Every structure is written in C-alpha cells, then in structure tokens.
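The values are calculated or read from the model by the stated rules, or taken from the named source; none is laboratory data. Since the structure is predicted, the reported quantities are computational estimates derived from the model, not experimental observations. Every residue, glycine among them, receives a Cβ derived from its backbone with ideal geometry; neighbour counts consider all protein chains shown. SASA here: full protein model, heavy atoms, side chains in, ligands and nucleic acids out. Shrake-Rupley method; radii C 1.70, N 1.55, O 1.52, S 1.80 Å.
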Amino acid sequence: MSDQLITDRFAIYNGNCILGMAELPDDSIHLSVYSPPFVGLYHYSSSEEDLSNARTYDEFFVHYGYVIDELARITIPGRI
C-alpha cells in the first residue's frame with residue numbers, strides 16, 4: 001500500500017481495502033476501523049472497484065462479502 005504510516009506501536013493504511021488487506025498476513029490485525037459506503041449514501045470515486053458504486057444492494061453485499069472474508073482472515077482470533 002502506498003499511503004501508510006507504520007511505527008513500532010501501530011500501523012495506519014489508507015487505500016483500496018481489498019487490495020490492501022490482501023497484502024497483510026493472517027491473524028495480524030488487532031482492530032479495524034472503517035465505514036462501509038452503503039448503496040446510494042455516498043460515492044467516493046468513479047472506480048468500479050469502489051464499494052460505493054454498487055448499483056444494487058445485492059451487488060453491494062456480494063462485493064462487501066470480500067471485505068468480510070479478508071477481515072476475518074487478517075483479524076487476530078478473539079478480536080472483533
């Protein structure tokens with residue numbers, strides 16, 4: 001990820017969540033903070049990869065499923 005701040009105490013990443021999370025190792029994240037752009041509320045960009053550009057709720061939840069899968073993979077067991 002190109003936009004990041006990593007210290008000995010924390011790391012902050014800003015970027016495409018699907019691509020960024022794919023770079024992170026399993027069971028490596030203690031806490032994730034994010035706000036998903038639910039259908040029709042706000043459009044962040046014109047990119048087809050952007051969750052905010054889903055045309056229907058069904059399309060959104062298919063795409064959002066990838067986010068949930070990656071969060072489950074990278075989050076340390078016992079954390080939520």
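Starting from segment 45-59, take each residue that is in contact (Cβ under 8 Å) with a residue 40 or more places away in the chain and surrounded by 10 or more Cβ atoms within 10 Å (Cβ to Cβ) and list its partners that are in a helix (DSSP H, G or I) and not aromatic (Phe, Trp, Tyr), counting only C-beta distances under 6 angstrom and pairs at least six apart or across chains.
none
Name every residue in segment 32-44 that is surrounded by 14 or more Cβ atoms within 10 Å (Cβ to Cβ) and among the small types (Gly, Ala, Ser), in order of residue number.
If the condition is that a residue be surrounded by 14 or more Cβ atoms within 10 Å (Cβ to Cβ) and among the small types (Gly, Ala, Ser), then SER32 is the only one that fits.
For PRO25, work out the one condition from (1) open to solvent by less than 100 Å² (accessible area, probe 1.4 Å); (2) part of a helix (DSSP H, G or I) it doesn't fulfil.
The failed condition is (2).
What residue, among those in segment 60-80 that are open to solvent by 70 Å² or more (accessible area, probe 1.4 Å) and of a type in the set (D, E, K, R), is farthest from ILE12 (Cα to Cα)?
Among residues in segment 60-80 that are open to solvent by 70 Å² or more (accessible area, probe 1.4 Å) and of a type in the set (D, E, K, R), the one farthest from ILE12 (Cα to Cα) is ASP69.
What's the number of the only condition in (1) modelled with pLDDT of 90 or more; (2) out of contact with any helix residue (DSSP H, G or I) (no Cβ under 7 Å at 6 or more places or on another chain); (3) within 20 Å of TYR13 (Cα to Cα) that SER52 fails to meet?
Among (1) modelled with pLDDT of 90 or more; (2) out of contact with any helix residue (DSSP H, G or I) (no Cβ under 7 Å at 6 or more places or on another chain); (3) within 20 Å of TYR13 (Cα to Cα), the lone unmet condition for SER52 is (1).
Could you say whether any residue in segment 66-75 is at pLDDT 90 or above and aromatic (Phe, Trp, Tyr)?
Yes, segment 66-75 contains a residue that is at pLDDT 90 or above and aromatic (Phe, Trp, Tyr).
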